[in-house]
Each structure stands twice: as C-alpha cells, then as structure tokens.
Amino acid sequence: MPAFHLREAPPGAAAWVYDALHDLEVANTTELMGEDLAIAAEWNRNNHADERTAIKGLLVALPGPAPEPAAVGRFGLPEVPAEPSPILGTIEFSLPLADNRHLADDTYCQVDAGARRQGIGTALWEEAVRIAVQHDRDTIVAWSDHFVGLPADGPRLRARDGDDELPRDRASEFALSLGLSLAQVERQSRLPLPVPPERLAALRAEAEERALPAYRIESWVGNTPPEHLDRLAAMYRTLSSDAPLGEVDWEPENWDAERVRHNDERKHRTGHSLFTIAIARETGEVAGLTELHVHDAHPHRPEQWTTVVAAPHRGHRLGLLLKAANLQALAVDQPEARYVDTWNAGENDHMLAINTLVGFRPHSAHGAWQWKAPQA
Ligand SMILES: CC(C)(COP(=O)(O)OP(=O)(O)OC[C@H]1O[C@@H](n2cnc3c(N)ncnc32)[C@H](O)[C@@H]1OP(=O)(O)O)[C@@H](O)C(=O)NCCC(=O)NCCS
C-alpha cells in the first residue's frame, strides 16, 4: 500500500491546511536555525488566496493511498479533505500572470522530519514540474535555506556571481538530486535592536550632508497615500530590473498604481509596512524607496524589504539616508522590536556595504535554484 499520496489545496482551502503548513514551517526552521522563523498561518492563508498577479499552488503529501473516488482540483489532483489530516510534506509555487509568464516562481518544498528519504520531496517536485509545464512555464525557481553558524568545513557550493557559499547539506543535496542548478546565493543579515538613537542620527546626518537639499524624504506607515502610488510602482519596477539577478531568469515586473494599492491592502491584512521615499526636489521624480514590514504575529522581528535607488540618483547617499530615516520611524512604531532581518543577493556589494554600516551582520544563507525545461 502506498505510504503517501498527493493532493492540492485550492485558494481558500480549509483552515487546518494553513495551520499544518505553518506547523511544518515552525518545526523545520527551528530544526535548521534553532529558532522559529515562520510567519503565521493567517499569512499563508492570505498569500495563497490572493491570485491577482499569480496563480498560487500548494500541494500536500498525506499519509496512505489516494481516496477513491475524489473530486479532482484545477491541477488534476484530488483536493485536500475538509477534515484535518497529518501532513507529511508540502510544495508551494506561484505562476506569475502580470509578467514573467515563463516562470514557476517562489517554489519551496518541505518534508516533515519523520517522513524524509522516502521520495516525498521528489514526488512533490515532480508534480510541480508537471503543473508548471502544463501552464507553459519553461523555468522553475526554487529556494533553499541554510544554517551558516558553524565553521565552514566540508564541501561548499558557489553560484556564478559573488563570494557567498552554501553548505552541501540536505537541502542542497536534494536540489542537486533533482538536477537543479544554483543560480544565486542570497544572504540573510540581522540587525540587533535598538540601534542607539545617536548612532542612527549620526548616520542620517552623514547621508544628509550629501543628499540635501537636492532631495526631500517622506515617510508613512500603512497604505501608500494616493499621490505616491505611481512613485512606488516605478520603484518596484526598478528593483525588479536593477537588483543583481545572478543567473536567475527573472524578467522586469509590471507595476502600476493599482497593483501597489492591492499589494498594500494584502500586506496590511496581517501586518503593516513603514515606507520612506526620496523625491528629487527639482523634478518631483521619485529617487528611492525603502520598506520595513512588521508582521502582527511577531512584531519583535520586523523585516527589511525593498530598498532601491534609481540609477540617475545613485551616489548621493540616498540608500543610507532612506534606511536611517526608516529605522528611526521603526524605533517610534515598534520600540520593543529586538532585531530586523533582511535578504540580499550575496554579490550586491553596494547594498551589503550600507547594511554593514548600519549594523547588519550575516545570519543565514539561501539558494535560488533553477530548473530549465529540456529543449524540445
Ligand atoms: C530537503 C527535503 C525537502 C527533502 O525531502 P525528502 O522527502 O527527504 O527528499 P527525497 O526522499 O525525495 O530525496 C531525494 C534525494 O535528495 C537527496 N537527499 C535528500 N535528503 C538528503 C540528506 N539528508 N542527505 C543527503 N542527500 C539527501 C538524496 O539524493 C535523495 O535520494 P536518495 O534518498 O535516494 O538518496 C527535506 O529534507 C526537508 O524538508 N528539509 C527542510 C526544508 C528544506 O530545506 N527545503 C528546501 C528544499 S530545496
């Protein structure tokens, strides 16, 4: 009798599915990193329910043989049952609709510690490949997480760009066993809080000396004011094309004011963002953006998201100014927060230099792995 079978969870599936996914994330991040780095079941539910710019896939492995007969979902698998069941493993992915229609993106596979080395991860992956190909995607981007706290012994892996490395641990061995290639190594860095206020003020003053009076900055918490929606769309577009991409086949994203508004609305259902932008005084043009996000479920560890300065405006210390100003806003908004986590390409020297100056230190590593459809 088969030990497991696969099912799909449609958007808005029964609540137990998102609780079980969250439990798996808590167990796996705690096992790997020694700390719970999961976000929240509600965040998972919201993420998978929002298909405005991408179809969201969530496949699960359940114990025992497949039910007979069962309602088949949009990906051709039986749907998850209404009643809770233990989950042995999951794979998540998104099929972008607004841009990058060649991709299955954000693919992440995890298997319960008690169910590994039984082919569950491979079976989930093979279904994700089948679905991607059926949706005319010829490239899949998948992620892996790695602990970097131990001395760097044993074999390591490098991507084409940058000096950051991944250990050859179970996640990279799994990805290699699937025939994936390592397209980029991403570094997670952590900033302990509070940053002494006088240090933040000094960093800000240092940046202002170069950036003022040509630029002014504006900060807000929560939904983007209508007059800035187009500016944020321009910045998200710029980030998608200008951040180092390694060998990942991402194409520039299509952003407009409506997508920003919708994105804000989704993010603010389970947390809130603090934004700071720079505007060129002479033209009114947006020059840079940075965003910190606070999840309701764990306000002690805000996340540093998007930071971007548009090419014509680089070299004026705007990156540092934006970050220092936004961290000052965070100190008022979340005085109890203990640290900020951020993720950057290992080869993104300019961004990493600013982060180091602010006080971020390397914490973990992530692999961006790529699968390409065999040429017809
Ligand atoms: C990585 C993970 C998803 C693998 O799931 P799994 O169900 O155990 O994978 P499979 O049984 O299909 O293994 C397929 C192959 O991957 C390789 N592999 C998997 N785990 C390995 C390990 N611990 N050590 C060495 N190779 C390993 C092997 O080649 C294996 O084939 P084999 O068992 O015939 O030797 C699972 O360990 C996990 O959930 N880890 C935590 C989350 C994570 O790191 N996800 C990122 C995935 S890129």
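For region 234-376, the square roots of the Cα gyration tensor eigenvalues, ordered a ≥ b ≥ c, give a/c below 1.5, which places it in the rounded category. State whether region 1-49 is rounded, prolate or oblate according to the following rule on the C-alpha gyration tensor (a ≥ b ≥ c being the square roots of its eigenvalues): a/c under 1.5 gives rounded; otherwise a/b larger than b/c gives prolate, and the remaining case gives oblate. Cα axes put region 1-49 in the oblate bin.
Spacing of the modelled spin labels on A70 and A243, each 7 Å from Cα toward Cβ, amounts to 3.6 nm.
Each label was represented as a point 7 Å from its Cα along the Cα-to-Cβ direction; for N46 and A27 these points are 2.6 nm apart. What you get for region 198-304, charging only the Cβ of Lys and Arg (+1) and of Asp and Glu (-1), is a dipole of about 380 debye around the Cα centre. Show me the trypsin sites (Lys or Arg not before Pro) within region 22-66 that DSSP assigns to loop and that have at most 15 other Cβ atoms within 10 Å of their Cβ. Passing sites in region 22-66 are R52. For region 297-357, the alpha carbon positions stretch 37, 23, 18 Å along the principal axes, listed from largest to smallest. The distance from the alpha carbon centre of region 99-167 to that of region 224-280 is 25 Å, rounded to a whole number. Each Lys and Arg Cβ is given +1 and each Asp and Glu Cβ -1; about its Cα centre, the chain then shows a dipole of about 380 debye. Compute the signed sum of charges (Lys and Arg +1, Asp and Glu -1) over the other residues within less than 11 Å, Cβ to Cβ, of L21. Combined, the nearby Lys, Arg, Asp and Glu give -3. In this structure, R158 and I55 have a Cβ-Cβ separation that, at R0 = 25 Å, corresponds to a calculated FRET efficiency of about 0.15.
Annotation for region 179-213 versus region 353-376: alpha-carbon center distance of 16 Å.
For the pair S219 and A205, the difference between a 0.36 nm per residue extended length and the Cα-Cα distance amounts to 3.4 nm. Annotation note: GluC sites (Glu not before Pro) in region 261-367 located in DSSP loop regions with a Cβ neighbour count of at most 16 within 10 Å are E282, E285, E336. Remark: spin-label model distance L357-Q118 equals 5.3 nm, labels positioned 7 Å along the Cα→Cβ axis.
Expressed as cubic angstrom per residue, what is the convex hull volume of the alpha carbon set of the chain?
Working: hull volume 54.2 nm³, N = 376.
Normalising the Cα hull of the chain by residue number yields 144 Å³.
Please give the length that would be gained between W305 and S85 if that part of the chain were fully extended, namely 0.36 nm times their separation in residues minus their C-alpha to C-alpha distance (nm, one decimal).
Between W305 and S85, full extension yields 75.7 nm more.
Summarised in one figure, the compactness ratio Rg/Rh of region 192-299, Cα atoms and Kirkwood Rh, is 1.00.
Return the tail of the calculated pair distribution for region 4-137, meaning the percent of Cα-Cα pairs more than 20 Å apart. Working shown, then result.
Numbers: 3878 of 8911 pairs.
Counting pairs separated by more than 20 Å, the tail of P(r) holds 44 percent.
Summing +1 for each Lys or Arg and -1 for each Asp or Glu, what net charge is found among the other residues whose Cβ lies under 13 Å from the Cβ of P312? Before the final figure, lay out the partial values.
Numbers: positive: R314; negative: D242, E282, E285.
Value of the local net charge: -2.
Each Lys or Arg adds one and each Asp or Glu subtracts one; over the other residues with Cβ under 14 Å from the Cβ of R130, this totals -3. Gain on full extension, evaluated as 0.36 nm per residue between D341 and Q134 minus their Cα-Cα distance, stands at 70.9 nm. The trypsin sites (Lys or Arg not before Pro) of region 313-355 meeting both criteria, a DSSP state outside H, G, I, E and B (loop) and at most 16 other C-beta atoms within 10 angstrom of the site's C-beta, are R314, R338.
What number, rounded to the nearest 500 deg cm²/dmol, is the helix-based mean residue ellipticity at 222 nm of the chain, given -39500 (n - 2.57) per DSSP H run of at least four residues and division by all its residues? Walk me through the numbers on the way to the answer.
Details: 9 runs with 117 residues, N = 376.
Computed ellipticity for the chain at 222 nm equals -10000 deg cm²/dmol.
Laboratory data are not the source of any read-out in this text; all were calculated from the coordinates shown. Here the structure is a predicted model, which is why all the values come from computation and not from measurement. Cβ coordinates were reconstructed from backbone atoms using ideal geometry, including for glycine residues, and neighbour counts include every protein chain displayed.
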